[in-house]
Amino acid sequence: MIAIGAIFFVFALILLGVLALGYYPKAEQDEPVTQLIDAPLLSRQPAFKVLSYNVQFMAGKDYTFWFDVPEANGPDSQPSAEAVQKTIADVANIIIDEDADFVFLQEVDDGAKRTGKKDQLNALLALLPATYAYHTSAFYWKSGFVPHPRILGRTGMKLSILSKHPITSAKRHQLALTPDNVLVKHLGIKRAVLEARVPLQEGSELVLLNTHLEAFSKNSDTLQKQVDHVRSMLQTLNDQNLPWVIGGDFNLLPPNQYQTLPPREQFYYRPTSELEDLTRQFSSVPSIEDVEKDPANWYSFYSNDPDVTQPDRTLDYLFYSPLLTCQSKTVRQHDTINISDHFPIIASFGLEAYTDQPTLELGEKNVS
């Protein structure tokens, strides 16, 4: 009996030690903003451009990771250092070519064992023009040690926003967690929204939001809770008469796309997507009309599962304030297919119509 008690005590100590290495952010917390050089204030004219890109920890497309298949037994656990270096250069080339004012990145590794414990954002910034003068980040996976057999080490993954214009403040908003066991809940991914405030030359400010919603919650209401949280944040900004753009990997299918996926890939999703809760109230890129008219043109995901042989779904979006007008929009597919399992989504928005008048009522959209 004493031996059993001693074993239990040792196990409890080990468990507590592992949990102590976890990341426990507040519901809302300020995040540091880095300024590299002086930069001009954003003006209401001309239009500004946003690029959102899930860069899949700069791994490239030559791997099938263990989590890329429904059985969670893909052959690969980490990319090579050479693959990461090449992918960072490829991502930099896309950003340079698009020349966006603001860049939203998801799945940027920092300190993770799987990518050599490097800060991928710093490596990327070294290849970009100095005009990306401001940046801010928020971790959504961070642990000193994860005892999963395909990880067995440190994790670090963050959301990042790069800006050609001053950022005055940044904040991390915690989203709902999955109802998993204690180890997964505390050492696993903790989805979040990264908010950045950009002052306007003529007064007021533009609010930028970057997110990556839950990917593995089909059998729980976690994704619905996260969507509800995002929806509430956006409505609050509308109530404050502030222009905003939110972008990222929402892991949500547009209407009728579930039925077009092979049964194996339907494993990750629900037949009816929570996306409707956002598109019903807010304008989006792509819009539901865009996807219905030409679905392939708006595919933003190409699974690493070897059974999937071409891009076949839309998971990445930009939503924007009724105070903005969308002037151009695209998913860049033609030369990004070997960079990540996601494609960058890009849009330009006009602020020239923004005034300090009350915003549209709940449910109204500025469709363009």
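The values are calculated or read from the model by the stated rules, or taken from the named source; none is laboratory data. Since we're looking at a predicted model, the values are computed, not measured. Every residue, glycine as well, gets a Cβ built from its backbone with ideal geometry; the counts of neighbours run over all protein chains shown.
Some values worked out for this structure:
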read-out: Flag if ASP294 is at pLDDT 95 or above and within 23 Å of the chain's Cα centre (by Cα); value: no
read-out: Matching option when the condition is small (Gly, Ala, Ser) and either in contact with a Leu (Cβ under 8 Å, 6 or more places away or on another chain) or surrounded by fewer than 16 Cβ atoms within 10 Å (Cβ to Cβ) (or both), among ALA83, ALA89, ALA112, ALA59; value: ALA89
read-out: Search result, residues across the range 25-52 that are in contact with a Pro (Cβ under 8 Å, 6 or more places away or on another chain), more than 14 Å from TYR132 (Cβ to Cβ) and not hydrophobic (A, V, I, L, M, F, W, C); value: SER52
read-out: The range 286-298, residues that are part of a loop (DSSP other than H, G, I, E, B) and buried (at least 20 other Cβ atoms within 10 Å of the Cβ); value: PRO286
read-out: Residues (buried (at least 17 other Cβ atoms within 10 Å of the Cβ), part of a loop (DSSP other than H, G, I, E, B) and not hydrophobic (A, V, I, L, M, F, W, C)) located in the range 24-56; value: GLU31, ARG44
read-out: Unique residue being touching a helix residue (DSSP H, G or I) at 6+ places or on another chain (Cβ under 9 Å) and not β-branched (Val, Ile, Thr) when the list is ARG270, ARG264, ARG197; value: ARG270
read-out: Residue identified as modelled with pLDDT of 95 or more, of a type outside the set (S, T, N, Q) and in a loop (DSSP other than H, G, I, E, B) among ILE346, ILE339; value: ILE339
read-out: The range 236-268, residues that are assigned to a helix (DSSP H, G or I), exposed (fewer than 15 other Cβ atoms within 10 Å of the Cβ) and modelled with pLDDT of 95 or more; value: THR236, ASP239, GLN259, THR260
read-out: Condition broken by ARG197, with the remaining ones in (1) assigned to a strand (DSSP E or B); (2) surrounded by 20 or more Cβ atoms within 10 Å (Cβ to Cβ) satisfied; value: (2)
read-out: Enumeration of residues in the range 189-247 that are free of Cβ contacts under 8 Å to residues at least 40 places away in the same chain and among the basic types (Lys, Arg); value: ARG197
read-out: Residue in the range 315-338 that is among the acidic types (Asp, Glu), in contact (Cβ under 8 Å) with a residue 12 or more places away in the chain and under 17 Å from ILE246 (Cα atoms) present; value: yes
read-out: Single match in LEU127, LEU105, LEU162, LEU152 (criterion: over 15 Å from GLY22 (Cβ atoms), of a type in the set (A, V, I, L, M), touching a helix residue (DSSP H, G or I) at 6+ places or on another chain (Cβ under 6 Å) and at pLDDT 95 or above); value: LEU127
read-out: Residue in the range 69-78 that is buried (at least 17 other Cβ atoms within 10 Å of the Cβ) and within 29 Å of ALA196 (Cβ to Cβ) present; value: no
read-out: Subset of the range 129-180 (residues that are surrounded by 16 or more Cβ atoms within 10 Å (Cβ to Cβ), more than 17 Å from the chain's Cα centre (by Cα) and of a type in the set (A, V, I, L, M)); value: ALA133, VAL146, ILE151, ILE167
